[in-house]
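Peer 1: Input: one structure, supplied below.
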Amino acid sequence: MASLACRSLPIILLTLHCCSGSGEKTFEVYISSEKQVVEATESWKVNCSTSCEKPQLGGLETTMSKIVLEKHPQGKWTQFLVSNITSDTQLYCYFTCADQQQRSAHLHIKLYQVPAQVTLMLQPPRVIVGENFTIKCNTSAVKPLESLTLTLLRGREILHNQTFGGAEHEATVTFNSTALTKEGLNFSCRAELDLRPHGGHITRTMSKFQTLEVFEPIQDNQMLIIIVVVSILLFLFVTSVLLCFILGQHWHRHRTGTYGVLAAWRRLPRAFRQRPGLNTNTWISHCALHVCSWDNRRL
């Protein structure tokens, strides 16, 4: 038994030595990015690295433009400058170590686009106290839409806010309100793109202020207008009669040397002039009207 054990020991040691010499330690591949949410016009740094001491092959696979900025002397890491992103994409770092199979790591990059324009409209722009009006806000193209929130403001007061989703690239929000006071009201719209869940920050874009013109209701003044018009017409009529009388008397005096009223009074029979109830003022008023009409016929 002892001799058999002694003869088997060299074989076991030889087997362990062969197995330890043929095995290779598994290597890892890493990828890191300066940004994970970027604008279409941005460029950013991406680093590819590996735990392999002497990699045979390595690089970055992408459809975007890339430039090598720095590289490890033994190829353990490489830093790239990436640009010209047009949509959400994946970046792949790959390495080959000795005779082992190629390994890779990937990273998702998200494209964002801040709305270039936020527009606010009031429909209608002028209302009477108590009337309804509509506030409408829309934006130009924005990405990602699910990160956008539109907020309608009256001064600093929040009237309404709305978040979005889906495949649309533009956003619109509509809100109905009532003009409760006659004071002019300033309205605005704020667009917030929250990129914090993707490793970014919040960007805000404001619309221009729009002022709602509010007026008191106009009361029914039709009866007042009729009274004023009738009064003016009556005044003009009385004025024209008096002017006719005065001009007629002056014309009669110019022709005969005396006023027509006095001449008519002298021609009146004495008995009629002394009739009870007919005083001088009453007679002159009646006579003036007759003389005026007679003078006009002569003209």
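Where a number appears in this text, it was derived from the coordinates with a stated rule and is not lab data. Given the structure is predicted, the values throughout are model-derived calculations rather than measurements. Here Cβ is always computed from backbone atoms with ideal geometry, including for glycine, and neighbour counts include all displayed protein chains.
Peer 1: Quick one: Asp194, Asp88, Asp99, fewest Cβ neighbours within 10 Å first, how do they rank? List each step's numbers first, then the result.
Peer 2: Numbers: Asp194 17, Asp88 13, Asp99 7.
Arranged by neighbour count, lowest to highest, Asp194, Asp88, Asp99 become Asp99, Asp88, Asp194.
Peer 1: How long, wide and thick is the range 27-111, going by the Cα atoms along their three principal axes, in whole angstroms, largest first?
Peer 2: Here the spans come out as 39, 22, 17 Å, largest first.
Peer 1: Would you mind ranking Lys54, Lys143, Lys35 by Cβ crowding within 10 Å, fewest neighbours first?
Peer 2: Lys54, Lys35, Lys143
Peer 1: Something else about it: Using 29 Å as the Cα-Cα cut-off, could you pick out the over-long pairs in Lys45/Lys143; Lys35/Lys76; Lys76/Lys110; Lys71/Lys110; Lys54/Lys110; Lys143/Lys208?
Peer 2: Working: Lys45/Lys143 22 Å; Lys35/Lys76 22 Å; Lys76/Lys110 27 Å; Lys71/Lys110 26 Å; Lys54/Lys110 33 Å; Lys143/Lys208 22 Å.
Correct reply: Lys54/Lys110.
Peer 1: I need the calculated FRET efficiency for the pair Ala98 and Tyr30, taking r as the beta carbon distance and R₀ as 25 Å, to the nearest 0.05. List each step's numbers first, then the result.
Peer 2: Working: r = 18 Å, r/R0 = 0.73.
According to the calculation, E is roughly 0.85.
Peer 1: Given a Förster distance of 22 angstrom, what is the FRET efficiency for Lys71 paired with Leu107, based on the Cβ-Cβ distance and rounded to 0.05? Write out the running numbers ahead of the final one.
Peer 2: On the way: r = 19 Å, r/R0 = 0.87.
Calculated transfer efficiency: 0.70.
Peer 1: Roughly how big is the range 27-111's charge dipole about its Cα centre, with Cβ charges of +1 (Lys, Arg) and -1 (Asp, Glu), in debye to the nearest 20?
Peer 2: Details: 8 positive and 9 negative charges, 22 e Å.
Charge dipole, the range 27-111, about its Cα centre: 100 debye, nearest 20.
Peer 1: For each of Phe245, Phe209, count neighbouring Cβ atoms within 10 Å of the residue's Cβ, then give the residues from fewest to most. Don't skip to the answer; put the middle values down first.
Peer 2: Working: Phe245 19, Phe209 12.
Placing the least packed residue first, the sequence is Phe209, Phe245.
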